[in-house]
Amino acid sequence: MTGLGRVHSVGLNAFAADIIEIQANISSGLPGVTITGSVDGALREGKDRVRAAITNSELKFPETKVTIALAPASLPKQGPGFDLPLAVAVLIAAKQASTSRLDGTVMLGELALDGRLRPVRGVLPLLLAARDAGFERAVVPLANVAEATLVSGLDVGGAQTLSDVVRWMSGDVVLDTVDGEPVAPPAAVVPDMADVAGQAAARQALEIAAAGAHHLLMTGPPGIGKTMLASRLPGILPPLGQEESLEVTAIHSIAGTLPEHHPLITAPPFVAPHHSAGMTALLGGGTGMARPGSVSRAHRGVLFLDECAEMGPKVLDSLRQPLEEGLVRISRRDGTAVYPARFQLILAANPCPCAPAHDVDCVCTSVQRRRYLGRLSGPLMDRIDLRVRMEPPANSALMTEAGESSAVMAARVAQARSAARERWSSDQWLTNAEVPGSALRQRYRPSLAALAPVEQALRHGRITARGADRALRVAWTIADLRGADQPEADDVVSALMYRDRGGQL
């Protein structure tokens, strides 16, 4: 018996996806299965899963030589998501499946030994690439249907078993488009800003950071409210736009962190790794092709590093390139993975190792204090827009009425974000933090009077050229919160003060 079967699928290469053509050839020779095309171990093991799934689906696996090729051969392919198209290609070559519905169709799915289809990671970016390549239909495991239907312009069918797919190809059944009853996403529970007593300066800095997506460092003794403030930041951030939601959802799909029944992420993610996290956990990594780390999972959201002075200097300095470019590049055996990493960095640290409630009780030497916060290098600190030194609140502040709620602050942040988005719309920048310095100094240059404080700070060597650009971004945000058309001298002075605060860390 001889025959040739061909099926299309999609392969994920970090954040990029490519169309994969799978061909199965049945020819005379000793019984056996050979898979070619730069496949990894999980894909090589797929031949055993495919054989068992076909047999247990009351179909017949060819008892002859079977050669399966995945093209292009030079592109690395990994993961069990090719099991379904492998099985279908073999069945077509064995004349046990129809090809009438294969034109314009891609298939994804892992096979269990009994023929059931298991969900796979990365369905959203895979199907977006398939749609852009001109495909019209997609067959996915039923558990991936909720995520797959986020892709508009593509007919999606969810199957529970390999037998369902074979019968659909013959026109005997219609594949499901809904995985059970729709489930409303649970309401996010975010603590309220009103719970924070005192700390007016830190609250104001956090509001500026939220309005412009600026990076913020908070220092102060333990128990003063640094973590409380940071954990309440998501409550004052505006929801993601449609394109942002799809981009963030795609990253979490690759990472395997999407909820099952309501996969679309509409709120800015908040990622808070432990201070013992290493460079791989932070940036991403793994064997073969690197997977997204914390900086990518925090894309369009917040990366909160509590007790950041406890982290290694090399780990902290690894953030410099993502902070500057909004991308992270990780080189591994199978190539260089590039993931989006446009996150807002919030740092919190104690002033010294002993961290007493009051500085007068500190027992650390000046060398110990300098070495402790010296882990935050100068180049990293130059990329931090706002620095706040927090002091213990007075006893009366703890007993007074609560401060402003998250809802009140969120309204001002939303208004400022809207003004910034409208101003930068022609350049497609979403926040003030994304605007390059050249645009701030040329096309959107403030008045000479407003620029005077920056020029003076540069002349006296108090800030770098990068620091000047970042101060201008913060000044624009302060102006947006005031409802002004452009920053004035007072806004620029305030921005420079936020860079100086905590300077004697």
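No lab work stands behind these numbers, since they all come straight from the coordinates. Given the structure is predicted, the values throughout are model-derived calculations rather than measurements. All Cβ positions, even for glycine, are placed from backbone atoms using ideal geometry, and neighbour counts span all protein chains on display.
Listing for the model above:
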| read-out | value |
| --- | --- |
| Given charges at beta-carbon only (K, R positive; D, E negative), |dipole| of segment 339-468 in Debye | 620 |
| Relative packing of 91-101, 457-467, which averages over residues the other C-beta atoms within 10 Å, highest first | 91-101, 457-467 |
| Spacing of the two label points (7 Å from each Cα toward its C-beta) at Glu260 and Arg383, in nm | 3.9 |
| Dipole-positive endmost among Asn144, Thr34, Ser100 within segment 3-169 (Cβ charges, Cα centre) | Thr34 |
| Cβ-derived FRET efficiency at R0 45 Å, Val173 paired with Gln428, nearest 0.05 | 0.50 |
| Average projection area in nm² (convex hull over Cα atoms of segment 1-58, one quarter of hull surface) | 5.1 |
| Dipole magnitude of segment 3-169 about its Cα centre (Cβ charges: Lys, Arg +1; Asp, Glu -1), debye to nearest 20 | 300 |
| Residues in segment 1-22 reached by a label modelled at Arg332 [backbone nitrogen below 14 Å; 7 Å Cα→Cβ] | 12-16 |
| Inter-probe distance in nm under a simple model that places probes 7 Å from Cα toward Cβ, at Met497 and Thr464 | 2.5 |
| Charge sum, other residues only, whose C-beta stays under 13 Å from Cys308's C-beta, Lys/Arg counted +1 and Asp/Glu -1 | -1 |
| Fraction of antiparallel bridges per DSSP, the chain only, in percent to nearest 5 | 50 |
| Approximate spin-label separation Arg482-Glu136, in nm, with each point projected 7 Å along Cα-to-Cβ | 5.9 |
| C-alpha center-to-center spacing [segment 427-502, segment 113-131] in angstrom | 46 |
| Candidate aspartates and glutamates - alpha carbon under 18 Å from Lys314, same-chain residues fewer than 8 apart omitted | Asp306, Glu324, Asp382 |
| Whole-Å semi-axes of segment 3-169's equivalent ellipsoid (Cα gyration tensor) | 23, 17, 14 |
| Share antiparallel - DSSP beta bridges, segment 3-169, percent rounded to 5 | 60 |
| Alpha-carbon Rg with Dmax, taken over segment 434-489, Å | 10.7, 31 |
| Relative intensity, log₁₀ I(q)/I(0), of the chain from a Debye sum that treats every alpha carbon as a point, q = 0.10, 0.12 Å⁻¹ | -0.83, -1.04 |
| Mean Cβ count within 10 Å, highest first, over the residues of peptides 442-448, 360-366 | 442-448, 360-366 |
| Size of charge dipole - the chain - debye, nearest 20, with Cβ of Lys, Arg +1 and Asp, Glu -1, no other charges | 1420 |
| Ellipticity estimate at 222 nm from DSSP helix runs (n ≥ 4, -39,500 (n - 2.57)) divided over the chain, nearest 500 | -10000 deg cm²/dmol |
| Once the Cα gyration tensor of segment 259-409 is diagonalised, semi-axes √(5λ) in Å | 32, 23, 13 |
| Listed residue (Ser425, Met409, Leu380) projecting farthest to the positive dipole end of segment 311-429, Cβ model | Leu380 |
| Per the chain, cysteines lacking a partner by the 4.7 Å Cβ criterion | Cys308, Cys354, Cys362 |
| Cross-link partners of Lys77 among lysines (Cα-Cα below 30 Å; sequence separation of 8 or more within a chain) | Lys47, Lys60, Lys65, Lys95 |
| Gain in span if fully extended, Glu404 to Thr287, counting 0.36 nm per residue against the direct Cα distance | 37.3 nm |
| Among 341-348, 20-27, the order from most to least packed when residues are scored by Cβ within 10 Å on average | 341-348, 20-27 |
